[in-house]
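K.L.:
Structure provided below as structure tokens; questions to follow.
The values are calculated or read from the model by the stated rules, or taken from the named source; none is laboratory data. Keep in mind the model is a prediction, meaning the values are calculated, not measured. Here Cβ is always computed from backbone atoms with ideal geometry, including for glycine, and neighbour counts include all displayed protein chains.
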Amino acid sequence: MKWEGNRESDNVEDRRDGGGGGGGGGLGGLVGGRGIGIGTIVIALIGGWAFGINPLTILGLLSGGGAPPAQVQQMPAHKPPADDRMAKFVSTVLADTEDVWTDIFAKGGAKYQDPRLVLFRGATPTACGTGQAAMGPFYCPADRKVYIDLGFYETLKNKLGAPGEFAQAYVIAHEVGHHVQNLMGISARMEQMRAKVSPAQYNALSVRLELQADCFAGVWANHAQNARQILENGDIESAMNAAARIGDDALQKQSQGYVVPESFTHGTSAQRTRWFNNGLQNGSVKACDTFSTKNL
């Protein structure tokens, strides 16, 4: 992946020297006041995106959109060291997502609001509760921040069999996809649905939300490639492999030796790769309507 020398984001907080921290109950992989993660969750895609009505007007994004970020007592944070290559990588990928989504939102008549990305080790307080490294990277809608313990990338490479920088970039782009959903109002509507449907129905909705975030990651890759030619040979295969390795069926087979489809919250390996590729090939938010399609 060609990323060195590109712009780095100023929206990165480094809490890695702050140790663990409290901040409320565990995240538990849910939405609303809870986190949405690459290995975690979650009504339907607003009709505007799918049918041509300006969704930014529908969701009130022209005046800010979504819920305002919540305040939470945080660990001391600062910018990452200039010589930290991995921090520089994630800062560059985050900047690239900022450029892409700012352009997409502007073309829809709205202003994109950048998320912040927090680097931590072990545990850290968030507006969604205590974030744990064991959860994998996640997005907290309540404070509009992406959280990642960079040790996850070693897990992705060595335990899940998904090496490569573009696979790592896909992980960030997926979480930023959840931020886009938050700005669109989808996360809040999902939280409203949580009390109205059965756990099985909620799981089914969360699968569609996760697959949409995969598709949004593909949309980012499409636009980034067109604008900056970031892809090298093998990069697409690297990201597709990562998407496949973190499918619910693959993770369940690895951890317990069998699959329980009704417990899926993210989608199968085939579904995750399909929707990422759908966004990659089309480069269009309209192509990411996972909620109205019958064939995931």
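K.L.:
Can you tell me how many residues within region 133-144 are assigned to a strand (DSSP E or B) and either modelled with pLDDT under 90 or touching a Ser or Thr at 6+ places or on another chain (Cβ under 6 Å) (or both)?
P.N.:
Qualifying residue count, region 133-144: 2.
K.L.:
Among the listed residues Tyr170, Tyr153, Tyr147, identify the single one that is buried (at least 19 other Cβ atoms within 10 Å of the Cβ), within 18 Å of the chain's Cα centre (by Cα) and either at positive phi or assigned to a strand (DSSP E or B) (or both).
P.N.:
Criteria check complete, one pass: Tyr147.
K.L.:
To continue, here is another question. Is there a residue in region 227-240 that is under 16 Å from the mean Cα position of the chain (by Cα), at pLDDT below 85 and surrounded by 13 or more Cβ atoms within 10 Å (Cβ to Cβ)?
P.N.:
yes
K.L.:
Can you tell which of Val259, Val219 is modelled with pLDDT of 75 or more, at negative phi and of a type in the set (A, V, I, L, M, F, W, C)?
P.N.:
Val219
K.L.:
Among the numbered conditions (1) surrounded by fewer than 23 Cβ atoms within 10 Å (Cβ to Cβ); (2) part of a loop (DSSP other than H, G, I, E, B); (3) at pLDDT below 95, tell me where Ile41 comes up short.
P.N.:
(1)
K.L.:
Could you please let me know if His179 is in contact with a Lys or Arg (Cβ under 7 Å, 6 or more places away or on another chain) and in a helix (DSSP H, G or I)?
P.N.:
Criteria met by His179.
K.L.:
When the residues of region 215-226 are narrowed to those that are over 12 Å from Ala169 (Cα atoms) and of a type outside the set (A, V, I, L, M, F, W, C), which ends up surrounded by the most Cβ atoms within 10 Å (Cβ to Cβ)?
P.N.:
Here the residue is His223.
K.L.:
Of the residues Glu191, Glu98, which single one is of a type in the set (D, E, K, R), under 14 Å from the mean Cα position of the chain (by Cα) and either under 21 Å from Asn278 (Cα atoms) or assigned to a helix (DSSP H, G or I) (or both)?
P.N.:
Residue meeting the stated conditions: Glu98.
K.L.:
For the list (1) part of a loop (DSSP other than H, G, I, E, B); (2) buried (at least 17 other Cβ atoms within 10 Å of the Cβ); (3) out of contact with any Leu (no Cβ under 8 Å at 6 or more places or on another chain); (4) at pLDDT below 75, I need the number of the one condition that Gly66 fails.
P.N.:
Here Gly66 clears every test but (3).
K.L.:
Of the residues Thr124, Thr130, only one is modelled with pLDDT of 90 or more, among the polar types (S, T, N, Q), surrounded by fewer than 19 Cβ atoms within 10 Å (Cβ to Cβ) and part of a strand (DSSP E or B); which?
P.N.:
Thr130
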